[in-house]
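The values are calculated or read from the model by the stated rules, or taken from the named source; none is laboratory data. Model, not experiment: these values are computed from the prediction. Cβ sites come from the backbone with ideal geometry, for glycine too, and all protein chains shown count toward neighbours.
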Amino acid sequence: MSDYLQMWKDLDMDVETHDMLCQVLPTAFGDTFLSMENRPESMGFYDFVVSEIHGIRPSEMIAAQKEGKKVVGTFCVYVPDEVINAAGALFSGLCGGSQFWVPGGEKYLPKNTCPLVKASLGARFDRTCPFFRIVDLIVGETTCDAKKKAYEILGEDVPMYIMDMPQMKRDIDIQKWADEIKAFAAKMEELTGNTITVDGLNDAIKTINAKRKALARIFDARKNADNIPISGLDALLIMQIAFFDDPARCAEMANKVADELEQRNKDGVSVFPAGTKRILLTGTPLAIPNWKLHHIIETSGAAVVCEEMCTGTRYFENLVEEDNATLDDAYMALSKRYMKNNCSCFTPNQGRIDDILRMAKEYNVDGIIDTNLKFCCLYDTERRNVEKAVNEAGIPFLGIETDYTDSDAEQLRTRIEAFVEMLG
Ligand code: SF4
Ligand code: SF4
């Protein structure tokens, strides 16, 4: 990635510290991904993106900025990409998934903050992530307390806009989120100098729906009870890259993977031996490059066939109604779709439990692992209800808590191996 050195310097990055990250990532990726056998050929695109992760997409974003476009960073699957797209801006997810950034975040946040939030702040303040340097605006949301407070600190260093997220799902909350989306659209118009029209927003809705449909095809192929055409690790990587790639290219590449997986299912080409136990993973998001848990599960005799999480099904399930007559109709259509996401920040959150039980059937799973990022008290507390419902449904359940370090890897492996063995 050294070809991008001047770009990183122009972004005022700490290139020496950043070099250390660039040195460890290829090894981590190689050990985790390139050692897997029989990967789909279409994963070549995603391998290439990782090999150029701090170069290729950032350089596209900078080129767009030179043409007068804006780049907007987000942290949550409730922020509607459609509005950013309709205003002619680019978007990128910013959630940090590496331990590399955590100590930097701990200079600003209490240690007992979830690693995703600490890593995100560390990436910005340590100046070691180009995406955090490029963005013209960061959009936060009032989901969990950790993020709300972190946004105040981040806002001292970068322009921030906060969307006020309802915490319940009554009709007034859906109306409230539609109003918030409308206010966000006005902010985007102010930022970009462009007017959001109903036709433009309808087009953006179609673009993002196309991306959702393509990602859904990949997950549909993973439902096959007799074949596992792609590892959970590769599926996770596709989802993680979807958060910052161009949406049209994301759809095109995901469709190529889906074509290959559908053919693999017809031909009986599996990446795991017959009888491998199928795991549904639920819980807190797995931001790039957090591949730890998938790697442990998939080298312990099981395969992850579904992720009920924001870096999984929540990102693409449910489409937004298209061809809206007015902007207000479009904002309401967006609100209705986004409010179908079932994050633990909502109360009550029975919808998530319903999703987990539905997906356990759809993906023909043998067991469910609920993973929680350390210090995320929302998902941690919700585990009680999830576990109860899963037990009542007669599905084996394992709850784990972890962070971005490798210090618990062996302990996790022991527990996961025992769980997989118990599945028979
Ligand atoms: S877990 Fe909740 S707060 Fe975090 S990205 Fe998902 S929806 Fe947003
Ligand atoms: S994992 Fe939990 S604490 Fe961390 S950002 Fe998401 S909701 Fe907040």
Handout entry: Matching residues, the stretch 383-418, being in contact with a Lys or Arg (Cβ under 7 Å, 6 or more places away or on another chain), without any contact (Cβ under 8 Å) to a residue 40 or more places away in the chain and among the charged types (D, E, K, R)
Key = E401
Fill in the blank from the handout: Residues of the stretch 84-120 being within 14 Å of ligand 2 (Cβ to nearest atom) and polar (S, T, N, Q), in sequence order, are N112, T113, S120
Practice task
Quick one: which helices (runs of 4 or more DSSP H) lie wholly within the stretch 304-397 and hold at least 3 residues that are away from ligand 2 (no atom under 16 Å from the Cβ)?
Solution key: 327-338, 350-362, 377-392
Handout entry: Verdict on A119 being among the hydrophobic types (A, V, I, L, M, F, W, C) and free of Cβ contacts under 8 Å to residues at least 60 places away in the same chain
Key = no
Fill in the blank from the handout: Among A216, A178, the single one that is buried (at least 18 other Cβ atoms within 10 Å of the Cβ) and farther than 30 Å from E262 by Cβ is A178
Completion exercise
Exactly one of T371, T414 is surrounded by 14 or more Cβ atoms within 10 Å (Cβ to Cβ) and among the polar types (S, T, N, Q), and that residue is T371
Practice task
Could you check, for the stretch 270-280, whether at least one of its residues is in contact with a strand residue (DSSP E or B) (Cβ under 7 Å, 6 or more places away or on another chain), within 28 Å of C345 (Cβ to Cβ) and buried (at least 19 other Cβ atoms within 10 Å of the Cβ)?
Solution key: yes
Practice task
Could you grab the pairs with beta carbons closer than 6 Å, sequence gap of 6+ or different chains, first residue in the stretch 1-20 and of a type in the set (D, E), second one not in a helix (DSSP H, G or I)?
Solution key: D14/R127; D14/T128
Exercise for the section: Write out, first by first residue and then by second, each pair whose Cβ atoms fall under 6 Å of each other, whose residues are 6+ apart or on separate chains, and whose first residue, in the stretch 297-324, is surrounded by fewer than 19 Cβ atoms within 10 Å (Cβ to Cβ) while the second is part of a loop (DSSP other than H, G, I, E, B) and modelled with pLDDT of 95 or more. Expected result: N318/K340
Problem - Index of the failed condition, C377 passing every other in (1) farther than 14 Å from T282 by Cβ; (2) exposed (fewer than 14 other Cβ atoms within 10 Å of the Cβ) - result: (2)
Problem - Residue that is farthest from ligand 1 (Cβ to nearest atom) [pool: residues in the stretch 145-175 that are closer than 17 Å to D81 by Cα and surrounded by fewer than 18 Cβ atoms within 10 Å (Cβ to Cβ)] - result: M160
Completion exercise
Flagged pairs (Cβ under 7 angstrom, 6 or more apart or on separate chains; first in the stretch 141-161, at pLDDT 95 or above; second in a helix (DSSP H, G or I) and within 8 Å of ligand 2 (Cβ to nearest atom)) are C144/L378; A146/V117; K147/V117; A150/V117
Handout entry: Those helices (runs of 4 or more DSSP H) lying entirely in the stretch 189-298 with at least 1 residues aromatic (F, W, Y)
Key = 198-222
Practice task
State the number of residues belonging to the stretch 23-58 that are under 30 Å from E262 (Cα atoms), in contact (Cβ under 8 Å) with a residue 24 or more places away in the chain and outside any helix (DSSP H, G or I).
Solution key: 7
Exercise for the section: Filter the stretch 86-127 down to residues that are hydroxyl-bearing (S, T, Y) and under 17 Å from the mean Cα position of the chain (by Cα), then give me how many there are. Expected result: 3
Fill in the blank from the handout: By residue number, the members of the stretch 154-174 that are closer than 30 Å to G55 by Cβ and within 14 Å of ligand 2 (Cβ to nearest atom) are L154
